[in-house]
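Engineer: Below you'll find the structure I mean.
The values are calculated or read from the model by the stated rules, or taken from the named source; none is laboratory data. In this text, all values refer to a predicted model and were calculated from it rather than measured experimentally. Please note: Cβ atoms are built from the backbone with ideal geometry, for glycine as well, and neighbour counts cover all protein chains shown. Ligands, DNA and RNA are excluded from the accessible area calculation, which covers all protein heavy atoms including side chains. Shrake-Rupley method; radii C 1.70, N 1.55, O 1.52, S 1.80 Å.
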Amino acid sequence: MTTAATRSPRRSRRSKPPWVLAIPAIIALAFLLIPLAGLLMATPWTSVGELLIDPVTQQALRLSLATSLLAAGCALILGVPLAWVLARVQFPGRPLVRALVLLPLVLPPVVGGTALLTALGRRGIVGAPLESLFGITLPFTPAAVVIAETFVALPFLVLSVEGALRAMDTRYEEAAVTLGASRMRVFWRITVPLMAPAVVAGTTLAWARALGEFGATITFAGNFPGRTQTVPLAVYTLLETNREAAIALSVVLLAVCVLVLVILREQWLRPGALRS
Amino acid sequence: MAGLGRRGRIATSSVLALICVAATGSCGPAESRSELIVFAAASLTNTFSDIELAFEEVNPNVDVLMNFGPSSGLVSALRDGAPVDVIATANTITMQSAVAEKLVWEPVTFAGNRLTIAVPEDNPAAIDTMADLAEPGVLVAMCQPQVPCGIAAAQAIAASGLKIEPVTFELDVRGVLSKVILDEVDAGFVYATDVVSAGSRVREISLPVGAAEVVNYPIATVQGTTSPEVAQAFLDFVNSSLARDLLRTAGFTTPTGVTT
């Protein structure tokens, strides 16, 4: 009796799940995995290499790699300070600001692209002065791709880093301050090392999101091979003309995403990873 | 494990109802209304929306569902098994590929259209002729090369001998038109009907005589449609004088050929 009572929490976790949970769980798993299986089965494995060295796919891969890395870099440079401010500075309306920062996470990307066009397009509130003063027009340039990708990717980094900062034990920082360290020194020597895992995870997630960006890119940056046609845009365009190449490119993106998840497994996906 | 309680059953049925609504747009007790799914080229967006309303007025028991997009994408969706009853494309080549693959029955040409150039209302790059599009710094939009408007634009550019380099290949003609309306490009290759539908927001720069590519719009019943009679009724309606008037008002021409 006593042994059963002490073991019961463990045993109930291990016992067979009730069918009301098991059946939907299996359906959910199949729902997520069958499309991927379909993609892998449709892949023309023998000619993947050939399809991937095609100039159109090469251009798209190179452009996607460059723009998504730049976007992840922009998200890192801008996102960490923003996350720090949101986590550590008390100011009126902070919950509202936090909600607004996370908006691109739930906003349809096409809406994001339209918003970017109305702000940074050549008739936009920022774009018009930019053109008249400096002669810079952003739409239809690789820079526009980076901007669109940063717009959708930034919240991932902010979310990750801010969560880590809020969960962080602030006593280390307080101790450093009482020992006479300057605020910058505390930030670089205590805060940065403590939040580093979350920064890495956030940057990787932001990069993956930037790599997969479609809606905001096609709306704000257009679709031109070698200049603004990233891999997702190329997949969509090729689906009608060269389906095999579209599938080969899709498999490349899939492989990259699996790689990202494997890298992140320890940092982010472990249950409770954010709280530690 | 002893079955679902009352609450559980209510929750389950409401979830099912939600799935139902999401999947079909309607559920509940059996209705006598039948659905007709029509896939139409992006350039038909406004006119076919009007034709849909007019058709439903005459046939109150039919609910027409329209899906607009690039012709090549529509045929591609059809090939992948999209549930479609009627399809209308913006050129005959795209439709012929569907005929060859036995996806549709013999099509009928119901309208014609003409390629042209649209510039924003204030014409920022001072475009007067097609030749101005070859000037450096002029931002030009056209359709991606596999859709009818892209094919027509590429032919017009090739025929002109001009070196026109677009900045974007939009997915369909509505994408080109919206980039022109938003004033983000200096000019875009669109159809005459798009200029009509945009009203005062764009201006038309006519292509030189001979360079204006003409496209024909075929419409066909999809093989394997579950409601061939309704599909045929819709085809007949599109060729009726009422629909012809709507098409003419929108700027479409009456087709010259018979059946293509």
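Engineer: Would you pick out the residues in the range A:118-143 that are open to solvent by 40 Å² or more (accessible area, probe 1.4 Å) and either in contact (Cβ under 8 Å) with a residue 12 or more places away in the chain or in contact with a strand residue (DSSP E or B) (Cβ under 8 Å, 6 or more places away or on another chain) (or both)?
Structural biologist: A:Thr137, A:Pro142
Engineer: Test each condition in (1) out of contact with any Leu (no Cβ under 9 Å at 6 or more places or on another chain); (2) surrounded by fewer than 17 Cβ atoms within 10 Å (Cβ to Cβ); (3) modelled with pLDDT under 90 for B:Ala82 and report the one that comes out false.
Structural biologist: The single condition B:Ala82 does not satisfy is (1).
Engineer: I need the full set of residues from the range B:101-129 which are under 24 Å from A:Arg123 (Cβ atoms) and in contact (Cβ under 8 Å) with a residue 24 or more places away in the chain, in order please.
Structural biologist: Residues satisfying the conditions are B:Thr116, B:Ile117, B:Ala118, B:Val119, B:Pro120, B:Glu121, B:Asp122, B:Asn123, B:Pro124, B:Ala125, B:Ile127, B:Asp128.
Engineer: Within the group B:Pro166, B:Pro145, B:Pro228, which residue is under 28 Å from A:Leu233 (Cα atoms) and surrounded by fewer than 16 Cβ atoms within 10 Å (Cβ to Cβ)?
Structural biologist: Going through B:Pro166, B:Pro145, B:Pro228 in turn, just one is under 28 Å from A:Leu233 (Cα atoms) and surrounded by fewer than 16 Cβ atoms within 10 Å (Cβ to Cβ): B:Pro145.
Engineer: Out of curiosity, is B:Ala54 in contact with a Pro (Cβ under 9 Å, 6 or more places away or on another chain) and either of a type in the set (D, E, K, R) or touching a residue at least 40 places away in the same chain (Cβ under 8 Å) (or both)?
Structural biologist: The answer is no for B:Ala54.
Engineer: Quick one: which helices (runs of 4 or more DSSP H) lie wholly within the range A:147-254 and hold at least 2 residues that are touching a residue at least 12 places away in the same chain (Cβ under 8 Å) and under 25 Å from A:Thr67 (Cα atoms)?
Structural biologist: A:192-211, A:215-220, A:231-241
Engineer: What residue, among those in the range B:51-66 that are surrounded by fewer than 16 Cβ atoms within 10 Å (Cβ to Cβ) and charged (D, E, K, R), is nearest to B:Val230 (Cα to Cα)?
Structural biologist: Filtering first and then ranking leaves B:Glu56.
Engineer: Restricting attention to the range A:225-233, does a residue exist that is farther than 24 Å from A:Gly121 by Cβ and within 14 Å of chain B (Cβ to nearest Cβ)?
Structural biologist: For the range A:225-233, residues farther than 24 Å from A:Gly121 by Cβ and within 14 Å of chain B (Cβ to nearest Cβ): absent.
Engineer: Now a separate question. Could you tell me which of the residues A:Ala210, A:Ala176, A:Ala216 is more than 14 Å from chain B (Cβ to nearest Cβ), open to solvent by less than 40 Å² (accessible area, probe 1.4 Å) and touching a Gly at 6+ places or on another chain (Cβ under 7 Å)?
Structural biologist: A:Ala216
Engineer: Let me ask something else. So, in the range A:245-264, exactly how many residues are over 16 Å from A:Ala210 (Cα atoms) and open to solvent by 30 Å² or more (accessible area, probe 1.4 Å)?
Structural biologist: The total comes to 2.
Engineer: Sort out which residues of the range B:29-83 are part of a strand (DSSP E or B) and aliphatic (A, V, I, L, M), and write them in order of number.
Structural biologist: The answer is B:Leu36, B:Ile37, B:Val38, B:Ala40, B:Ala41, B:Val62, B:Val64, B:Leu65, B:Met66.
Engineer: More than 26 Å from A:Ala60 (Cα to Cα) and open to solvent by less than 40 Å² (accessible area, probe 1.4 Å), is that true of A:Thr150?
Structural biologist: No.
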